[in-house]
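Here's the structure, in structure tokens; my notes come after.
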Amino acid sequence: MSNNSVPIVSITIPTYNRGYLLKETLVALFSQIDEDQLYDQVEVVVCDNASLDNTAEVVNFYISQNKYRIIYNKNEENLGVIKNILKTVELSNGKFWMLYGDDDLVAQGALKKIIGGFIDNNSFPAFMYKYASDDDIYCKDLKGNGSLSIEQLAEKYFYYVGNAGIFAVNTSHAKSIVKNCPDQLQSTCWPQTLILFLAMHMSENK
């Protein structure tokens, strides 16, 4: 692993008192990193909202192996769900930012394909992914072309992309949004979704 290279993606996981679920999520994630030799491409960020359980022990097990890119942040106090999600953006160093729940399992074989998409389309501000079994909900490779307003995007995709692991955002866009739109982000229960929509429109206005 080369610590000097920039990872392609930061997979970020906000968590609180669910070490038993986080363990399963990390097993699924790191097994794919091992299988496809993605050590330099993937950074895993765990943002622990002052857990009182064994969360630190679960993460430290993988840190001790000294082969994965891992950032483990434990807040001194519980920041609440929204601020903890936004903290994951601040901690990310990858080209793209993805949000996973501590109970979300990366689909087998998906990580390598996702990274391939980032490499082939690295100028895109954002990506959305479909479920293989769902032909009605599909929006590929978001280029921010202005075809839908933020309001229209929200109406069509809001609850869909609220699910973790369904989208990715250029990290520099995400960081700018977190810095410049704190009131908007903290006034919604789905800040990750708003980051996605705003990132698409940022690219149009440059």
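Each reported figure results from applying straightforward, stated rules to the coordinates on display, with no laboratory input. As the structure is a computational prediction, the values presented were derived from the model and not from experiment. Ideal geometry is used to build each Cβ from the backbone, glycine not excepted, and the neighbour counts take in all protein chains shown.
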TODO: Scan around G94 for amide H atoms under 5 Å from its own, H built in the peptide plane at 1.01 Å from N, and keep only partners 5 or more places away or cross-chain.
DONE: S10
Task: Spin-label model distance (nm) - S64 vs E90, 7 Å beyond Cα toward Cβ - done: 3.0 nm
TODO: State, to one decimal in nm², a quarter of the convex hull surface area for the C-alpha atoms of region 1-132, i.e. the direction-averaged projected area.
DONE: 8.1 nm²
Task: Ranked packing of 50-61, 166-177, most packed first, by mean Cβ within 10 Å - done: 166-177, 50-61
Task: C189-N121 pseudo-label distance in nm [points 7 Å out on the Cα-to-Cβ vector] - done: 3.0 nm
Task: Relative intensity, log₁₀ I(q)/I(0), of region 14-67 from a Debye sum that treats every alpha carbon as a point, q = 0.23 Å⁻¹ - done: -0.90
- [ ] Return the distance in nm (one decimal) between the two label points of a simple spin-label model at K179 and V6, each offset 7 Å from Cα along Cα→Cβ.
- [x] 1.4 nm
